[in-house]
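Written out below as structure tokens is the structure these notes cover.
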Amino acid sequence: MSNNIHDKEIVIEPPSGLVHLNLRELYEFRHMLWSMIWKSIRIQFSELYLKFFWTFARPLAMLGVFIFIKNYSGANMHVSNISYSLYLYSGLIIWFYFVESTNATAKSVEKDAALMKKIYFPRLISPLVPLVSNLYSFGISAIPLVVMIIWQGTYPGWKLLLLPLVILQCMILILGTGTMFASFSLFSKDAERFLKLVLYLGLFVSPVIYSPDKIHAKSQLVYFLNPMAGTLLAFRSCLFNDFPFPFWQWMYSLAFSLVFIIAGIRMYRRADMHFADKL
Amino acid sequence: MKNETAIEVQGLSKKYSIGTIKKYKKKEIGILDNLLLPFRMLRNIGETSFFNKNDDFIWALKDINFKINHGEKVGIIGKNGAGKSTLLKILSRLVYPTEGKATIRGRVTSLLEVGTGFNNNFTGRENVYLNATLYGLERAEIDSIFDDIVEFSGVGKFLDTKIKYYSSGMRMRLAFSVAAHLDPDILLLDEVLAVGDIAFQQKCLERVEGLASGGRTIVFVSHSMSAIVKFCDRVIWLQDGKVIYDGEATEAVKLYQDGPLSEKELDLASRSDRKGTGLVRYTKVSILDENMNLCENVRTGQCINIALDYRAEEPYAEPPRDVKACIIIEDNKQNRLFGLPSEILIADLSNIKSTGRFICKLNSLPVIPGVYDITISLLIDRQLVDKVVSAYKLVVLEDDYYGTGLLPKHTMGRVCVDFDWLHESRN
Ligand SMILES: Nc1ncnc2c1ncn2[C@@H]1O[C@H](COP(=O)(O)OP(=O)(O)OP(=O)(O)O)[C@@H](O)[C@H]1O
Ligand SMILES: [Mg+2]
């Protein structure tokens with residue numbers, strides 16, 4: 001058999017203070033990673049007959065509700081350049097991807113604890129699984145968006161090429177936040193509740209439902225401290241040609257994400273050293 | 001060139017924190033207490049630090065050393081809580097050691113619990129694939145062994161049924177079949193052979209036997225001594241996190257099964273592998289405590305009496321004057337540690353009758369935990385009358401010899417002596 005995962009000398013020692021990321025090892029375990037990702041996708045859909053429907057249902061229902069409220073209350077969401085329905089739907093799907101993946105990565109250690117007690121694999125695999133597998137639902141929920149884009153004739157331009165970068169930045173942010181909270185929640189379950197609350201409130205303080213133009217100019221600086229603000233606007237800019245690219249805001253989001261992923265993974269590895277016994 | 005050693009363990013120790021236990025009083029379980037719990041928790045915030053220094057610790061493993069060569073089959077035995085599973089978990093990289101180092105050369109598969117990663121909502125077929133990838137196989141490799149796995153498991157009929165509709169035995173059969181068809185160099189097994197019905201257990205044993213004869217290295221934890229004797233050439237016996245015996249399997253199992261030491265007084269009279277004229281024969285060795293009661297557990301530093309019963313073939317007409325008895329203590333690798341010859345004390349053992357007993361008192365047994373051989377001999381009038389090599393196996397358990405909770409590591413030898421350290425600093 002050509003399986004060579006363990007075909008070398010393994011030295012087992014007490015955890016050292018040196019925290020480094022073993023990307024080579026992660027690569028060696030890629031088959032396992034893929035298999036766990038597929039499993040996770042299958043689980044999400046295996047018990048649902050109306051599989052696809054449920055994936056769109058939430059953003060579509062919210063779209064309906066908000067358009068209804070907007071039309072009947074006459075509220076101004078300050079969305080310019082594109083239609084409100086496109087603005088809202090595109091915001092909702094990436095926002096839900098962010099929220100669900102962050103929650104899932106934060107819980108991934110707990111979820112895989114039984115496996116970690118019996119099989120060795122690089123610990124980073126656990127949070128990577130929901131991060132990637134949720135992309136699938138994200139993709140499915142983008143189908144109505146594509147239909148709406150074609151319907152309304154608001155086509156993307158060359159900026160579409162930047163889309164993978166923006167999504168990657170979002171994934172980095174998710175992984176950073178997720179691993180950080182996964183480490184915290186090994187100390188105390190309070191962290192998990194805190195994260196849930198923050199993510200819940202996040203919907204209302206991020207440019208998902210309304211445009212940041214609605215915010216007073218002076219408050220905007222504070223508003224854009226939220227790393228998802230830049231991501232949400234950049235995501236839309238990649239999809240809709242007329243929507244301006246929020247360069248500085250997105251640069252901030254990117255920097256924030258990079259800081260978070262470095263901190264998150266360091267904390268994750270540290271937590272692993274202390275808590276491998278307590279899973 | 002391939003290194004001979006498959007597994008090398010040096011000074012491996014594992015400390016577990018077992019938590020601070022007295023957090024809630026027993027009476028705090030009424031309805032009111034449950035309602036008040038959220039507020040009571042607040043009180044604990046200050047007390048709980050993340051790395052609680054006040055936690056109680058136990059050493060699940062302490063200073064373990066051994067080497068296992070490629071192709072060796074090693075059984076690990078010991079009582080519940082001796083540290084067997086902990087050792088395999090460290091070797092499988094599931095927990096970190098606290099001290100020491102282990103080196104593993106070759107591809108390892110550990111089966112610490114079968115059925116790992118089975119998902120109830122997937123079919124048997126899907127689960128076989130999933131499970132095998134968790135053990136590091138690629139799709140093509142699984143394809144090639146899939147039929148063997150299914151055939152071995154004998155649940156082929158249910159292959160496309162969801163696992164949740166399997167009986168627990170069927171689940172385990174399938175899980176074990178996956179595990180048994182992996183092809184590792186080193187196989188770590190923790191009590192996994194006890195799955196399924198008798199027929200399947202037999203099949204599992206045969207399979208492991210097949211793997212074993214294929215030159216693989218197997219480390220095998222089991223409470224089934226018959227399985228140990230069957231598969232293993234060598235046994236490592238753990239007790240309280242320490243290796244107390246490392247050697248030949250059948251002998252270890254015999255010692256282990258003999259249970260409490262009091263039952264282990266050997267009937268020496270029947271042993272024929274002895275030297276000397278035979279005018280007087282030792283008939284029994286027993287280990288007694290300071291009150292001359294049979295000693296159940298011998299511990300480092302304990303006061304013991306080694307009693308040697310003898311019988312004279314023919315009563316001496318005139319009791320011999322010059323009688324010298326000697327006890328030699330060896331470790332289980334036949335290194336002499338020390339001797340206890342009666343002659344240097346000018347002890348008077350003369351006046352031998354037809355039967356009797358010599359007693360050698362050790363105020364403090366100076367050896368670290370382990371298994372030791374006691375060799376006894378008797379000289380009468382400068383003539384060797386009797387000598388029995390390895391007349392008794394002494395199993396020594398741990399104790400706090402120095403009052404510090406520490407004992408010398410075995411790399412410093414196996415003997416504990418009384419000593420003190422002083423420091424006189426001069427300016
Ligand atoms: N995660 C843990 N946290 C704290 N203590 C632990 C943990 N795991 C094991 N221990 C302790 O370590 C000691 C050794 O346990 P281990 O599971 O290695 O025993 P064992 O030899 O496998 O016993 P058995 O024959 O019952 O399987 C026990 O005292 C146990 O309580
Ligand atoms: Mg065990």
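When chain B is described by a simple charge dipole with +1 on each Lys and Arg Cβ and -1 on each Asp and Glu Cβ, the residue from B:Asn69, B:Ala212, B:Leu422 located farthest towards its positive end is B:Leu422. In the elastic network of chain A, a GNM with C-alpha springs shorter than 10 Å, the most mobile of A:Asn134, A:Asn103, A:Asn241 is A:Asn241.
Over chain B, dividing the summed -39,500 (n - 2.57) contributions of all DSSP H runs of at least 4 residues by the number of residues returns a 222 nm mean residue ellipticity of -7000 deg cm²/dmol. Dipole magnitude for region B:250-384: about 200 debye, using +1 per Lys or Arg Cβ and -1 per Asp or Glu Cβ, origin at the Cα centre. The angle between the Cα long axis of helix A:51-73 and the longest principal axis of the Cα atoms of chain A comes to about 40 degrees, rounded to the nearest 10. GNM remark for chain B: springs join alpha carbons under 10 Å apart, and the peak mean-square fluctuation among B:Gly241, B:Gly100, B:Gly75 falls on B:Gly100.
Counting Cβ atoms of other protein chains within 10 Å of each residue's Cβ and taking the mean over peptide B:12-18 gives 2.
Taking other residues whose beta carbon is less than 13 angstrom from the beta carbon of B:Phe158, and scoring Lys, Arg as +1 and Asp, Glu as -1, yields +4.
Positive-end ranking of A:Ser137, B:Pro320, B:Asn335 along the dipole of the protein assembly as shown, with charges on Cβ about the Cα centre, is headed by A:Ser137.
Counting only DSSP beta bridges with both residues in region B:267-412, what percent are antiparallel, rounded to the nearest 5? Percent antiparallel among DSSP bridges in region B:267-412 is about 95.
Calculated accessible area for region B:267-412 comes out at 52 Å² per residue, all protein chains present (probe 1.4 Å; ligands, DNA, RNA ignored).
Relative contact order, whole percent, for chain B stands at 14, derived from Cα pairs under 8 Å and 6 or more residues apart. Between B:Arg299 and B:Glu424, the contour length at 0.36 nm per residue exceeds the Cα-Cα span by 41.6 nm.
Here nothing in chain B passes the span test, since no DSSP H helix has an alpha carbon length of 30 Å or more along the helix axis and a Kyte-Doolittle mean of -0.5 or above. Between B:Arg274 and B:Gln201, the FRET efficiency from the beta-carbon distance, with R0 = 45 Å, is close to 0.60.
Just checking the listed ones, A:Met180, A:Met116, A:Met228: in the Gaussian network model of chain A with Cα springs under 10 Å, the one fluctuating most is A:Met116. The number of Lys pairs in region B:267-412 with C-alpha atoms less than 17 Å apart, excluding pairs fewer than 8 positions apart on the same chain, is 12.
Mean separation of Cα pairs under 8 Å and 6 or more residues apart, divided by the residue count, gives chain A a relative contact order of 26 percent. Note on B:Gln383 and B:Asn65: with the Förster distance fixed at 45 Å, the Cβ-Cβ geometry gives a FRET efficiency of about 0.60. With the charge dipole of the protein assembly as shown set up from +1 on Lys and Arg Cβ and -1 on Asp and Glu Cβ about the Cα centre, the Cα lying farthest toward the positive end among the listed residues B:Gly356, A:Ile149, B:Leu174 is that of A:Ile149. Solvent exposure of chain A amounts to 50 Å² per residue of accessible area, where only protein heavy atoms count and the probe is 1.4 Å. Taking 7 Å steps out from each Cα toward its Cβ at B:Ile346 and B:Arg139 produces label points 9.0 nm apart. If you plug the beta carbon distance of A:Phe245 and A:Arg24 into 1/(1 + (r/R0)^6) with R0 = 30 Å, you get a FRET efficiency near 0.25.
Chains A and B together bury some 4000 Å² of accessible area, summed over both sides, with a 1.4 Å probe. With a cut-off of 14 Å between beta carbons, the residues surrounding B:Gly11 carry a summed charge of +3, where Lys and Arg count +1 and Asp and Glu -1.
Per-residue ellipticity at 222 nm computed for chain A from its helices equals -23500 deg cm²/dmol, with DSSP H segments shorter than 4 residues left out and the rest contributing -39,500 (n - 2.57). Carbon and sulfur atoms: what percent of the 1.4 Å accessible area of the protein assembly as shown do they account for? Using a 1.4 Å probe with all protein chains present, the protein assembly as shown comes out at 58 percent carbon and sulfur.
Here the protein assembly as shown is treated with +1 on each Lys and Arg Cβ and -1 on each Asp and Glu Cβ, and its dipole about the Cα centre works out to around 2380 debye. Projecting label points 7 angstrom from Cα along Cα→Cβ for A:Arg193 and B:Asn80 puts them 3.7 nm apart. For region B:202-246 versus region A:30-55, the inter-centroid distance based on Cα atoms is 40 Å. In a fully extended conformation the segment linking B:Asp160 and B:Asp148 would gain 2.7 nm over its present Cα-Cα distance, using 0.36 nm per residue. A straight Cα-to-Cα reach below 17 Å connects B:Lys164 with the lysines A:Lys39, residues fewer than 8 places away in its own chain not being considered.
Around A:Leu88, under 14 Å between beta carbons, what's the net of Lys plus Arg minus Asp minus Glu among the other residues? Counting the neighbours of A:Leu88, the net charge comes to +4.
Around the Cα centre of region A:86-170, unit charges on the Cβ atoms of Lys, Arg, Asp and Glu (plus for the first two, minus for the last two) sum to a dipole of about 260 debye. Distance from the Cα centroid of region B:349-394 to that of region B:128-155 is 59 Å (rounded to whole angstrom).
Multiplying the residue separation of A:Lys8 and A:Trp158 by 0.36 nm and removing their Cα-Cα distance gives an extension gain of 49.3 nm.
Note on A:His274 and B:Ile31: their simple-model spin labels are 4.0 nm apart, each label 7 Å out from Cα toward Cβ. For peptide B:91-97, the mean count of partner chain Cβ atoms within 10 Å of a residue's Cβ comes to 6.
The values are calculated or read from the model by the stated rules, or taken from the named source; none is laboratory data. Everything quoted here is computed from the prediction, not taken from an experiment. Counting neighbours? That spans all protein chains shown, and the Cβs are built from the backbone with ideal geometry, glycine included. The protein model used for the area step is the full one, side chains on, heavy atoms only, and it has no ligands, DNA or RNA in it. Shrake-Rupley method; radii C 1.70, N 1.55, O 1.52, S 1.80 Å.
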